[in-house]
Amino acid sequence: ETAGEQADSRQFPEGYFWGVATAAYQIEGAWNEDGKGESIWDRYAHTPGKIKNGDTGDVAIDHYHRYKEDVALIKDIGAKAYRFSFSWPRIFPEGTGQLNQKGLDFYDRLVDELKAADIEPFATLYHWDLPQALQDKYGGWQSAETAKALGEYAGVVAKALGDRVGHFFTINEFKQVTETAHRGVELHVQGRTVRLMSAPGILLEDGPLNQVRHHAVLGHGLAVQAIRAMGRAGTKVGPAENMGHALPIIDSPEHIKAAEAATRAQNKYFLGPMLEGRYDDAYLKAAGNDAPKFTDEEMKIIGTPVDFVGINVYIPLLVVEASDDPPGYREVPFSISHPKMFSDWHRLSPESQYWAPRLLHSIWQPKEIYITENGCAAADEVAPDGNVYDSDRLMYLRNGMTWQHRATVEGIPLKGSFVWSAMDNFEWINGYGDRFGIVHVDFKTQKRTPKLSAQWFREAAQRKSVV
Ligand code: GBH
């Protein structure tokens, strides 16, 4: 075997999308310009005490005004694909009804700029910034009206941009939109209990929360149908879900089977119904009176076939087989010393970049899979020589992508992946504290500086190989 052949075996398949990702509220700024309506995140960030340091996305990284510079930067760091999201209230200030043409025009120009730079646009319809008007009028996702509104908005966007945007994602992270926004997580800090919630931050009981979950997948289904109907030939659509996935700690058939069962259970609210058109019986039975109310017609809409499944891959669940326990698996904790990333919630798990797509493939066999987010925050600093030496992020991405490569070699239909994030940005309730970019942004001057990890990415994308 020659050295050349060895190198080829390490290459990702031809056409693998080497991408980077962002989301509207995290980068755009211009929160009230050109007729944009208010979103639940504008409202939330403007409410004292909700976001670390009182940060807001009012200006963010000013991408709305700097999109040309940013597209040039994305090209420069070697990305062949760019995943961004539309701000729904920029396009429909009231959520439905009157279109704001100026808002839609922004995305029209952005898409043209990307195409001219030979970067494939992948667009997310809804990355958490619900029009506040829908929250006020219907209680947001508590009502099926919001699901309908998402479907209408999807049709308008697909009609306008579906000739150039070949890939649409419906909703980003169903769990965050539903559970984190309406239940949150309780943390115990210095003897106090704090509940961390994302917008709109309305605490719901189990029954209403299950109904919110149901409306989110219903909105997804309606959006899939609208995009199918309006997109030109070739337009593909699917969800972008933060897929709960289990790592079989030991690679043996029994433990892998246990990981499969745990992964199925983790996805009973969202991926399960979307890919099977039905809720898991065990879920409905356990929920009892709190089970969501739904019709057969709605389940058909929810199960509308998708072209691909996008998954954001950050942290796994660790499981071992437990054949004497009914579910067949048992969750085990991370060791206290398990390597952690900069964000408190984030544990190191490069294997997840293989196991998440592999389990998705073995459980549901979607036609295509994308890893829609892969990345980490780091304690980045600009060194005296002007560079940002993010060696931990570089290690994180290199190892993660090595495991993605393994998935492609084994015939799992993983078609591409997106680094989260292209540029440092507004990290939701953590404000500007957690930097996820492979490009550094000085939040005062808005100066962009590609980090060491961006140099690595450019080289890898060009060689189509990470090792
Ligand atoms: C993704 O969420 C999002 O799609 C993206 O917008 C986000 O920037 C990125 O990941 C990084 O978080 O500080 O304890 O309140 C992944 C799920 C949601 C997990 C926010 C961490 C904050 C936890 N993340 N969450 S905490």
- Note on the structure: Within region 413-436, of all residues that are open to solvent by 10 Å² or more (accessible area, probe 1.4 Å) and away from the ligand (no atom under 16 Å from the Cβ), the one nearest to residue 27 (Cα to Cα) is 415
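Does residue 199 meet the test of being open to solvent by 30 Å² or more (accessible area, probe 1.4 Å), small (Gly, Ala, Ser) and assigned to a loop (DSSP other than H, G, I, E, B)?
Values: open to solvent by 30 Å² or more (accessible area, probe 1.4 Å): no; small (Gly, Ala, Ser): yes; assigned to a loop (DSSP other than H, G, I, E, B): yes.
For residue 199, the condition - open to solvent by 30 Å² or more (accessible area, probe 1.4 Å), small (Gly, Ala, Ser) and assigned to a loop (DSSP other than H, G, I, E, B) - is not met.
I'd like to know if region 285-297 contains one or more residues that are within 26 Å of residue 415 (Cβ to Cβ), away from the ligand (no atom under 16 Å from the Cβ) and either open to solvent by 70 Å² or more (accessible area, probe 1.4 Å) or touching a Ser or Thr at 6+ places or on another chain (Cβ under 9 Å) (or both). Break it down into steps so the answer makes sense when it comes.
Residues of region 285-297 within 26 Å of residue 415 (Cβ to Cβ): none.
Within region 285-297, not a single residue is within 26 Å of residue 415 (Cβ to Cβ), away from the ligand (no atom under 16 Å from the Cβ) and either open to solvent by 70 Å² or more (accessible area, probe 1.4 Å) or touching a Ser or Thr at 6+ places or on another chain (Cβ under 9 Å) (or both).
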- Scan region 382-436 for residues that are small (Gly, Ala, Ser) and in contact (Cβ under 8 Å) with a residue 40 or more places away in the chain and jot them down. 386, 391, 400, 407, 416, 417, 421, 422, 431, 433
- If you go through region 157-169, how many residues are surrounded by fewer than 19 Cβ atoms within 10 Å (Cβ to Cβ) and outside any loop (DSSP other than H, G, I, E, B)? 1
- Message: Can you tell me which of (1) part of a strand (DSSP E or B); (2) within 23 Å of residue 429 (Cβ to Cβ); (3) hydroxyl-bearing (Ser, Thr, Tyr) is the one residue 180 doesn't meet?
- Response: (1)
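For residue 222, indicate whether it is touching a helix residue (DSSP H, G or I) at 6+ places or on another chain (Cβ under 7 Å) and over 19 Å from residue 428 (Cβ atoms). First the steps, then the outcome.
Numbers: touching a helix residue (DSSP H, G or I) at 6+ places or on another chain (Cβ under 7 Å): yes; over 19 Å from residue 428 (Cβ atoms): yes.
Answer is yes for this residue.
Results for (1) farther than 18 Å from residue 45 by Cα; (2) open to solvent by less than 30 Å² (accessible area, probe 1.4 Å); (3) away from the ligand (no atom under 15 Å from the Cβ), shown as yes or no for each residue.
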{"site": "171", "(1), (2), (3)": "yes, yes, no"}
{"site": "177", "(1), (2), (3)": "no, yes, no"}
{"site": "184", "(1), (2), (3)": "no, yes, no"}
{"site": "190", "(1), (2), (3)": "yes, no, yes"}
{"site": "195", "(1), (2), (3)": "no, no, no"}
{"site": "218", "(1), (2), (3)": "yes, yes, yes"}
- Query: Is there a residue being of a type outside the set (S, T, N, Q), open to solvent by 10 Å² or more (accessible area, probe 1.4 Å), more than 28 Å from residue 374 (Cβ to Cβ) and assigned to a helix (DSSP H, G or I) anywhere in region 18-36?
  - Reply: no
- Message: Looking at the structure I just gave you, is residue 58 open to solvent by 10 Å² or more (accessible area, probe 1.4 Å) and touching a residue at least 12 places away in the same chain (Cβ under 8 Å)?
- Response: yes
- Tell me, yes or no, whether region 346-353 has at least one residue that is among the hydrophobic types (A, V, I, L, M, F, W, C) and either within 15 Å of the ligand (Cβ to nearest atom) or open to solvent by 30 Å² or more (accessible area, probe 1.4 Å) (or both). yes
- Query: Out of region 308-352, which residues are within 17 Å of the chain's Cα centre (by Cα) and not hydroxyl-bearing (Ser, Thr, Tyr)?
  - Reply: 308, 309, 310, 311, 312, 313, 315, 316, 345, 346
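Looking at region 409-449, which of its residues are outside any loop (DSSP other than H, G, I, E, B) and among the hydrophobic types (A, V, I, L, M, F, W, C)? Break it down stepwise before answering.
So in region 409-449, the residues outside any loop (DSSP other than H, G, I, E, B) come out as 409, 414-420, 423, 428-430, 435, 439-441, 448-449.
Within region 409-449, 409, 414, 418, 419, 420, 423, 428, 429, 439, 441 qualify.
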- Of the residues in region 365-402, those that are more than 16 Å from the ligand (Cβ to nearest atom), open to solvent by less than 60 Å² (accessible area, probe 1.4 Å) and not in a loop (DSSP other than H, G, I, E, B) number 4
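Name every residue in region 441-467 that is within 16 Å of the ligand (Cβ to nearest atom) and buried (at least 21 other Cβ atoms within 10 Å of the Cβ), in order of residue number.
At the first step, the residues of region 441-467 found to be within 16 Å of the ligand (Cβ to nearest atom) are 441, 443, 453.
Within region 441-467, 441, 453 meet the criteria.
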- Note on the structure: Subset of region 229-262, residues in a helix (DSSP H, G or I) and in contact (Cβ under 8 Å) with a residue 60 or more places away in the chain, comes to 229, 230, 254, 255, 257, 258, 259, 260, 261, 262
- Item | Tabulated pairs, region 201-224, first over 15 Å from residue 181 (Cβ atoms), second β-branched (Val, Ile, Thr) and open to solvent by 10 Å² or more (accessible area, probe 1.4 Å), C-beta under 7 angstrom, 6+ apart or interchain | 218/301; 221/301; 221/304; 222/301; 224/304; 224/306
- Single condition residue 255 does not satisfy, out of (1) surrounded by fewer than 23 Cβ atoms within 10 Å (Cβ to Cβ); (2) under 30 Å from residue 288 (Cα atoms): (2)
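Please enumerate the residues belonging to region 298-345 that are within 16 Å of the ligand (Cβ to nearest atom) and in a strand (DSSP E or B). Outline the logic, then answer.
First, the residues of region 298-345 that are within 16 Å of the ligand (Cβ to nearest atom): 309-317, 334, 340-345.
Listed by number, the residues that qualify are 309, 310, 311, 312, 317, 340.
Within region 124-135, can you find the residues that are surrounded by fewer than 24 Cβ atoms within 10 Å (Cβ to Cβ) and either out of contact with any Lys or Arg (no Cβ under 6 Å at 6 or more places or on another chain) or closer than 14 Å to residue 71 by Cβ (or both)?
133, 135
Quick check on residue 72: is it hydrophobic (A, V, I, L, M, F, W, C) and assigned to a helix (DSSP H, G or I)? Can you show your working first?
Working: hydrophobic (A, V, I, L, M, F, W, C): yes; assigned to a helix (DSSP H, G or I): yes.
Taking the combined requirement at face value, the residue satisfies it.
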- Could you say which residue among 90, 83 is among the basic types (Lys, Arg), open to solvent by less than 50 Å² (accessible area, probe 1.4 Å) and within 16 Å of the ligand (Cβ to nearest atom)? 83
- Task: With respect to residue 140, determine if the residue is on the phi > 0 side of the Ramachandran plot and touching a Ser or Thr at 6+ places or on another chain (Cβ under 8 Å).
- Result: yes
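Restricting attention to region 202-216, which residues are within 16 Å of the ligand (Cβ to nearest atom) and surrounded by 18 or more Cβ atoms within 10 Å (Cβ to Cβ)? Break it down stepwise before answering.
First pass over region 202-216, keeping only residues within 16 Å of the ligand (Cβ to nearest atom): 203, 216.
Scanning region 202-216 gives a single hit, 216.
The values are calculated or read from the model by the stated rules, or taken from the named source; none is laboratory data. All values reported here derive from a predicted model rather than from experimental measurement. When we count neighbours, we look across all protein chains shown, and the Cβ atoms used for this are built from the backbone with ideal geometry, even at glycine. Just the protein is used for accessible areas: all its heavy atoms, side chains included, with ligands, DNA and RNA removed. Shrake-Rupley method; radii C 1.70, N 1.55, O 1.52, S 1.80 Å.
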